[in-house]
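Undergrad: Pasting a structure here, questions to come.
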Amino acid sequence: LLAGTDAAVTTAPAAAAAAPGAETGPAPQAAAAASALASSGIPTTALEAYVRAAAGSPADCHLTWPLIAAIGRVESNHGRFAGAVLRTDGRSTPPIIGIALDGTRSALIRDTDGGRLDGDTVYDRAVGPTQFIPSTWKSYARDGDGDGVSDPLDIDDAAAGTAAYLCAAGGDLS
């Protein structure tokens, strides 16, 4: 799933308990603003994505939103790595793209997506707020915000994909 903390990340041109400090607001606009912070210090947009992803996971998985949030924090500071801004539409500006997985500071993973997700046609790079490797995203891609697109650079989709990955790999996470 996730690139982990060994690889430096760069920036490139119903069932779950309510989250503390969660706010609801209008649907994202075309020119999305930066997400406000909830009382937990997590951007509201990220917090809502984590809560939705946990709530949408299989009941027998017992996944809670703090686990997804912990991954978002470690992998990208909730979509804000290296000065990126998490917008209310769930995307970070600039997008969060990891280093080339060329075997020098990471595992060697040759390109698996023709550069479609990471812009690199030679090596894969982990992408988005939970740092999915393109080949892993292919297996766990989800449309967490219901916009008809599964995009690992969108925190709603990345959180839902992370939930799917964790439940498939871990079974009962209680």
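Undergrad: Within the bounds of the stretch 106-116, is there any residue that is modelled with pLDDT of 95 or more and closer than 28 Å to Gly41 by Cβ?
TA: No, every residue in the stretch 106-116 fails to be modelled with pLDDT of 95 or more and closer than 28 Å to Gly41 by Cβ.
Undergrad: While we're here: Residue under question is Leu117, and the condition is that it be under 16 Å from Gly72 (Cα atoms), in contact with a strand residue (DSSP E or B) (Cβ under 6 Å, 6 or more places away or on another chain) and open to solvent by less than 60 Å² (accessible area, probe 1.4 Å); does it hold?
TA: No; evaluated as a whole, the condition is false for this residue.
Undergrad: Take the residues of the stretch 41-58 that are within 18 Å of Arg80 (Cβ to Cβ) and surrounded by fewer than 24 Cβ atoms within 10 Å (Cβ to Cβ): which is modelled with the highest pLDDT?
TA: Residue satisfying both the conditions and the ranking: Thr44.
Undergrad: Report yes if Arg125 is under 27 Å from His62 (Cα atoms), touching a Gly at 6+ places or on another chain (Cβ under 7 Å), open to solvent by 20 Å² or more (accessible area, probe 1.4 Å) and assigned to a loop (DSSP other than H, G, I, E, B), otherwise no.
TA: Taking the combined requirement at face value, the residue does not satisfy it.
Undergrad: Can you tell me which of (1) open to solvent by 40 Å² or more (accessible area, probe 1.4 Å); (2) assigned to a loop (DSSP other than H, G, I, E, B) is the one Ala70 doesn't meet?
TA: Here Ala70 clears every test but (2).
Undergrad: Could you check how many residues of the stretch 146-174 are crowded, with 22+ Cβ neighbours inside 10 Å and assigned to a loop (DSSP other than H, G, I, E, B)?
TA: 2
Undergrad: Looking at the stretch 73-99 only, could you name the residues that are in contact with an Asp or Glu (Cβ under 9 Å, 6 or more places away or on another chain) and either open to solvent by 60 Å² or more (accessible area, probe 1.4 Å) or farther than 30 Å from Thr121 by Cβ (or both)?
TA: Matches in the stretch 73-99: Phe81, Arg91.
The values are calculated or read from the model by the stated rules, or taken from the named source; none is laboratory data. Since the model is a prediction, treat every value here as computed from it, not as a measurement. Ideal geometry is used to build each Cβ from the backbone, glycine not excepted, and the neighbour counts take in all protein chains shown. Note: accessible area is taken over every heavy atom of the protein model, side chains too, but ligands, DNA and RNA are not part of it. Shrake-Rupley method; radii C 1.70, N 1.55, O 1.52, S 1.80 Å.
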